[in-house]
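What follows draws every value from the coordinates through simple rules; no lab data is involved. Keep in mind the model is a prediction, meaning the values are calculated, not measured. Every residue, glycine among them, receives a Cβ derived from its backbone with ideal geometry; neighbour counts consider all protein chains shown.
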């Protein structure tokens, strides 16, 4: 009797599939655009040149050959990885975060000036791989980081005197972290002030203190812990310091990756919503035009024929029914005029063809016919707007000017339109009676929902509508409607230092 053993064979494709699933779980670094080169000025060049000369001089006077090359190599690799995985600050500013400050100060404190030099060089290499950057910015950033690290090292060793007792070590670490931050932020604040003359330096430093100073203080204490570990375990002790730092950076990477994915999803939803809104508006306009054509070609023509027949009959009839037929013909003509007015409201002119100025002028004509001074001001940028924003602005203006004519008792109304930063801004201001918030609520409860409808229209368009009014003070209506993607914010001339 022959027995056959069944071997469990793993198909190569299954292993590849598992590796792909595992790779898919690894967070991806969000792509970053390269910053624009700085605008050179004599003062800026002189300042950065002086800073670089100072850093080179300090390095030449203090840097000595390493006593432990393995320690420096370990710190350089960690700093490179941390800087190469920098993530944009969640506040939306043009600065980047990484946990490299902890490894940076740690390597400086345990290895001295050569540690600071290696830390700055490896951090610069990682940041350049991740973010690119202009050579001039790199000179400033490396000089700034080296001088701030050296400040922290001098202060730390000045306080501890080479002793590793807990109390003085913690005080020295906190003080060194504070002074390293002060040097870093003020050198950065000066260069930002030189490139942005309108920058308010003290608020800039204060904002940086709230968001970044705690990390420098923590880095100073962590660096003291690194000194203790290296004194007892050598390079292996420094590895113990780097493990939590690398885990912290991985957490930042996961958070940034998820935030970036959520932002992309929000942008996709916004684009989809804008597309659906545009399609709904186009479908609504098409339906209104269809109804208007049917009414014009059917009911209006029938009523016109009836009015003509009544007048013709009245001219032939000299009896008592003549006046009745004339009154009926006049009433039919008035009904035709009212129906044509309604048709113009139901089916506005081809906005994409005539543009915003002509459309607003047409809406203002009935007000002028009733003695209200109506001024239309449309900038060239707003006149070039097309698409859903133009339709929404027309509908909002239509309802706003109808309210002016029916309720405001105004003598003057100004309609202004402008476009900037990817938005169409519409403002309608009258000098009429105005209304209180309580009166507005009463009107809505009574079934007057015109304002509610245009508020919803602005919101559905992705914009906003603000109505300001008070009794005897007129009414101002402001609509802010998106017409496309927001313009990209300009990059700051020089990046803030990561982990900051």
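How high is the FRET efficiency between residue 259 and residue 476 when r is their beta carbon distance and R₀ equals 35 Å, given to the nearest 0.05?
0.40
Taking the Cα centre of each part, how many Å lie between the range 204-219 and the range 391-461?
Result: 46 Å between the Cα centres.
Using a Förster distance of 51 Å, how high is the FRET efficiency between residue 139 and residue 459, based on the Cβ-Cβ distance and rounded to 0.05? Before the final figure, lay out the partial values.
Values: r = 49 Å, r/R0 = 0.97.
For R0 = 51 Å, the calculated efficiency reads 0.55.
I want to check the label-to-label distance for residue 466 and residue 70. Put each point 7 Å from Cα in the C-beta direction and report it in nm to one decimal.
Each label point is offset 7 Å from its Cα along the Cβ direction, giving 6.5 nm.
Note the full-extension length gain between residue 128 and residue 247 as 0.36 nm times their separation in residues minus their Cα-Cα distance, in nm to one decimal.
Contour length minus Cα-Cα distance gives 40.6 nm.
How do 186, 97, 181, 135 rank when sorted from fewest to most other Cβ atoms within 10 Å of their own Cβ?
So the ranking, lowest neighbour count to highest, is 135, 186, 97, 181.
Multiply the residue gap between residue 43 and residue 157 by 0.36 nm, knock off their C-alpha separation, and tell me the result in nm, one decimal place.
37.5 nm
On a full-extension model of 0.36 nm per residue, what is the gain between residue 338 and residue 377, subtracting their alpha-carbon distance, rounded to one decimal in nm?
11.2 nm
Going by how many other beta carbons lie within 10 Å of each one, how would you line up 147, 451, 178, fewest first? Don't skip to the end; give the middle numbers.
On the way: 147 22, 451 18, 178 15.
Final ranking by Cβ density, sparse to dense: 178, 451, 147.
Return the FRET efficiency for the residue pair residue 324, residue 370: r is the Cβ-Cβ distance, R0 is 35 Å, and the value is rounded to the nearest 0.05.
Taking R0 as 35 Å, the efficiency between residue 324 and residue 370 is 0.65.
Can you compute the modelled spin-label distance between residue 331 and residue 275, with each label point 7 Å from Cα toward Cβ, in nm?
Taking the simple label geometry, residue 331 and residue 275 are separated by 5.4 nm.
Just grab the label-to-label distance for residue 441 and residue 311, each label 7 Å out from Cα along the Cβ direction, in nm (one decimal).
5.3 nm
Ranking 101, 396 by Cβ neighbours within 10 Å, fewest first, what do you get?
Sorted ascending by nearby Cβ count, the order is 396, 101.
In percent, how large is the relative contact order of the range 351-488, given Cα pairs closer than 8 Å and 6 or more residues apart?
The value is 25 percent.
When a/c reaches 1.5 or more, the comparison of a/b and b/c decides; with that in mind, is the range 351-488 rounded, prolate or oblate per its Cα gyration tensor?
Judged from the Cα gyration tensor, the range 351-488 comes out oblate (a/c at least 1.5, b/c at or above a/b).
Would you work out the relative contact order for the range 35-233, in percent, from Cα pairs under 8 angstrom that are 6 or more residues apart? List each step's numbers first, then the result.
Numbers: 256 pairs, mean separation 48.9, N = 199.
Computed over the range 35-233, the figure is 25 percent.
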